[in-house]
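FYI, it's all coordinate maths here, none of it is from the lab. Because the structure is a prediction, the values reported are computed rather than measured. Cβ placement follows ideal geometry from the backbone for every residue including glycine, while neighbour counts extend to all protein chains displayed.
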Amino acid sequence: MAVGKKDISCPPYVKGREIKAEDIKEGKVTYWEHHPDIRYSFTAGQAISRFLKGLKEGKLLATKCDHCGRIMFPPRMFCELCFRPVDEWCEVKDTGVVETFSVSYIDPDAKPLEEPVIVAVISVDGASPKMGFMHILGEVDPDDVYIGMKVKAVWKSESEREGSVTDIKYWKPLEG
Amino acid sequence: MLMEIERIKGLNFHKKQDVAIVGAGITTFKRRLNETGKELSYYAVKQALEEAGLGIEDIEMVVMGSAPDAFDGLHMKGEYLLDGSGGSDRPYMRVFVGGGTGVFAPIAGYWHVASGLADVCLVVCEEKMSSCHPHPQSAFKYIWDPILDRPLQPNLIWIFALEMRRYMHVNNIKHEDIALVSVKNKANALDHPAAQLAERITVEDVLNSEPMALPVRRLDVSPPSDGASALIMVAPHIARQLTDDPVWVAGVGWALDTTWWTNRDLYFPRYVAEAARMAYKMAHITEPRKEIDVAEPYDPFDYKELHHMEGLGLARKGEAPILTREGVTARDGDLPTCPSGGLLGVGNPIAATMGVKVAELYWQLAYRAGKRQVAKEVTRGVAQAWGDLMQVGTVVVLSNKR
């Protein structure tokens, strides 16, 4: 049924009717609500299970690939670059350097937070360069944080630790 | 390794036939539209068919691009959208690489035609983010690693904020220079009939807008939207019957970087550079800054346009803000960038942004962009998208010369 291309400036028109939040509140549009309740239990896997166990003991564990020589953090069971199993486990330090950071005023649902959270990518001492992971900074004013700042993990007490990334409460500036 | 494999793809690429774009369609982009995803897809497809001068019976195969099912609250969204996309009773597939989908879907359309499997392929992209209530941000919670990230209560904006800060730090860039992108794109969008957030704002407006996850503020970010878009890709002998001036797909490229995103230096998008290398090689482009006339890099955040221009080789590292400040990327500049108004101005219905990236490039190169038409003469352009955990680069090079 091809009739040949029309010589029109595009888009010649746009369709779609906008509705506002008020339209829904006032019942001006028809809609249907559903609140699904789906629950998940995630297996931590071989590498992260051991990593979480390390956290419970107050240790940061990494894995090493003898082929590329990288000490990888967070640890993994296989080196994704060499595509072979890792060769050994090792402990890295609970100090590191801020690679980048953000001062967040929103929670996971984009609702405002009363007190901002400082989130950072921290590359951990003892792992290969740029082997960062994401965590929270504390005991520091947002204005005083800078890229390159040395930080140290502040752990929960042994009895409070449960094998979670939150076993580290936050990272604080390392003085001196 | 048993054999030497060409690391940069695209050099030894053999295709059955060239691929032309002959029509495109787009719906309005709004925070919330009354239409369902199927209805939006139908509108976009009808418009593309109308421009191409084709009927749905002329379409041989259909590619659908749509991002996370969690927004719509509907799994197997591809199948749900099938009827509105004209996909029933013919080969149909859905592709998805997060935010990169809007340029990945036309890449998949290109495979269909370049391989010779289809002579006429329809590409449709749809997103209905407003179904996720009260805010689509809640669906983004589930992209994070469930064990390493989610206990920290992250928001999606965090990854952008962390990347933006790193980019600013390494290249010594001020927020003022980045805000100029938001100012430019929102003003460009005033000429786009689909636009959601077209307005004249100033750098001060951006810098004083509500803090979200600093350095990211409200006006640094594109809005969530509902919308759909469509493209029609055809073989040369079909294009010849329809029009004297089709726009050709000169190259396509895509690449993903590791999911261990905290192990990468975020200041430079390696994945975009890799994807661009592939597309440029296919398009025989060696100096993108000189050979590309118009660009539609992905701009969900203002710094992202700059970041991606550098990944695409349209600027040296750290140079994109300078080009922006000097007006080079304005619609009447030497390298017009996001003349559509981009995601920042027109809106960000994730996959459907194909309508302001690849479709806009098509309209620009066909000299059909109306009020948005760039001032300079154009032959070649590049469109790009990005997505997932800052790891996907998808690139398409179009040309109005075969």
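Under a Gaussian network description of chain B, with springs only between Cα atoms under 10 Å, the residue in B:Glu326, B:Glu50, B:Glu310 that fluctuates furthest is B:Glu326.
For region B:179-255, trypsin sites (Lys or Arg not before Pro) meeting the loop criterion (DSSP other than H, G, I, E, B) and having at most 13 other Cβ atoms within 10 Å: B:Arg200. Dividing the summed helix terms, -39500 (n - 2.57) for each DSSP H run of n ≥ 4, by the number of residues in the protein assembly as shown produces a 222 nm estimate of -7000 deg cm²/dmol to the nearest 500. Here region B:70-102 is scanned for amide nitrogen atoms under 16 Å from the site 7 Å beyond the Cα of B:Arg150 along Cα-to-Cβ, giving B:70-71.
Approximating the spin labels as points 7 Å out from Cα along Cα→Cβ, the B:Tyr367-to-A:Lys150 distance works out to 6.5 nm. Shown for the protein assembly as shown is the translational diffusion coefficient from the Stokes-Einstein equation, using the Kirkwood radius over Cα pairs, a temperature of 37 °C and a viscosity of 0.692 mPa s: 134 µm²/s. For B:Phe301, A:Phe83, the sequence from fewest to most other C-beta atoms within 10 Å is A:Phe83, B:Phe301. Annotation: amide H of A:Val154 within the under-5 Å range of A:Lys169, A:Tyr170, A:Trp171, A:Lys172, sequence separation 5 or more or interchain, hydrogens built in the peptide plane.
Computed on chain B, with alpha-carbon pairs under 8 angstrom and 6+ residues apart, the relative contact order is 25 percent. Between A:Lys20 and B:Lys38, the FRET efficiency estimated from the beta carbon spacing at R0 = 22 angstrom works out to 0.50. Residues whose amide H lies under 5 Å from that of B:Gly53, counting only those 5 or more places away or on a different chain, are A:Lys6; hydrogens are built 1.01 Å from N in the peptide plane. With the convex hull of the Cα atoms taken as the outline of region A:72-114, the averaged projected area works out to 5.6 nm². Multiplying the residue separation of B:Thr259 and B:Glu287 by 0.36 nm and removing their Cα-Cα distance gives an extension gain of 7.1 nm. By the count of other C-beta atoms within 10 Å, a proxy for reagent exposure, B:Thr353, A:Thr43, B:Thr324, B:Thr202 are ordered fewest to most as A:Thr43, B:Thr202, B:Thr324, B:Thr353. Model label sites at B:His237 and A:Lys56, defined 7 Å from Cα along the beta-carbon direction, differ in position by 6.8 nm.
Extension gain for B:Glu210-B:Gln17 works out to 64.4 nm (0.36 nm per residue, less the C-alpha to C-alpha distance). Rounded to the nearest Å, what's the spacing between the alpha carbon centres of region B:351-391 and region B:188-231? Just the number, please. So the two Cα centres are separated by 17 Å.
What separates the Cα centres of region B:29-81 and region B:105-157 is a distance of 14 Å. Compared with the direct C-alpha span, the chain from A:Ile8 to A:His34 gains 5.1 nm at full extension, assuming 0.36 nm per residue.
The convex hull around the C-alpha trace of region B:225-287, projected and averaged over every direction, spans 7.7 square nanometres. All Cα-Cα distances of region B:192-241, cut into 10 Å bins from zero to the largest, leave 19, 30, 22, 14, 12, 4 percent in each bin in turn. When the expected Rg is taken as 2.2 N^0.38 Å, what fraction or multiple of it is the alpha-carbon Rg of region B:113-236? Output field value: 1.37. Under 26 Å Cα-Cα from A:Lys56, which lysines qualify once same-chain neighbours fewer than 8 residues away are excluded? Output for A:Lys56: A:Lys64, A:Lys93, A:Lys130, A:Lys150, A:Lys152, A:Lys156, A:Lys169, A:Lys172, B:Lys141. Does region B:113-164 come out rounded, prolate or oblate by the C-alpha gyration tensor, with a ≥ b ≥ c the root eigenvalues, rounded set by a/c under 1.5 and, if not, prolate when a/b is larger than b/c and oblate if not? Because a/c hits 1.5 or more and a/b exceeds b/c, region B:113-164 counts as prolate. Just so you know, the Cα atoms of chain B work out to an Rg and Dmax of 19.5, 59 Å.
For region B:146-162, the residues whose amide N sits under 18 Å from a probe point set 7 Å from the Cα of A:Phe42 along the beta carbon direction are B:146-160. Working note: Debye formula, equal point scatterers on the alpha-carbon atoms of region B:136-203, no solvent; log10 I(q)/I(0) at q = 0.20 Å⁻¹ is -0.92. Angle, helix A:45-56 long axis vs. longest principal axis of chain A, Cα atoms, 0 to 90°, nearest 10? Orientation of helix A:45-56: about 60 degrees from the principal axis.
Span-like helix criteria (full DSSP H runs; alpha carbon extent of at least 24 Å along the helix axis; mean Kyte-Doolittle hydropathy of at least -1.0) are satisfied in chain B by no helix. Ordered by the count of other Cβ atoms within 10 Å of each Cβ, fewest first, B:Lys357, B:Lys401 give B:Lys401, B:Lys357. How about region A:23-60: which chymotrypsin sites (Phe, Trp or Tyr not before Pro) there lie in a loop by DSSP and see at most 15 other Cβ atoms within 10 Å? When the chymotrypsin sites (Phe, Trp or Tyr not before Pro) of region A:23-60 are filtered for loop state and at most 15 Cβ neighbours within 10 Å, A:Tyr31, A:Trp32, A:Tyr40, A:Phe42 remain.
Volume per residue for region B:55-166 equals 137 cubic angstrom (convex hull of Cα atoms). Around the amide H of A:Arg84, modelled in the peptide plane, lie the amide H atoms of A:Cys79, all under 5 Å away and 5 or more residues distant in sequence or on another chain. Computed on the Cα atoms alone, the convex hull of region A:45-173 gives a volume of 121 cubic angstrom per residue.
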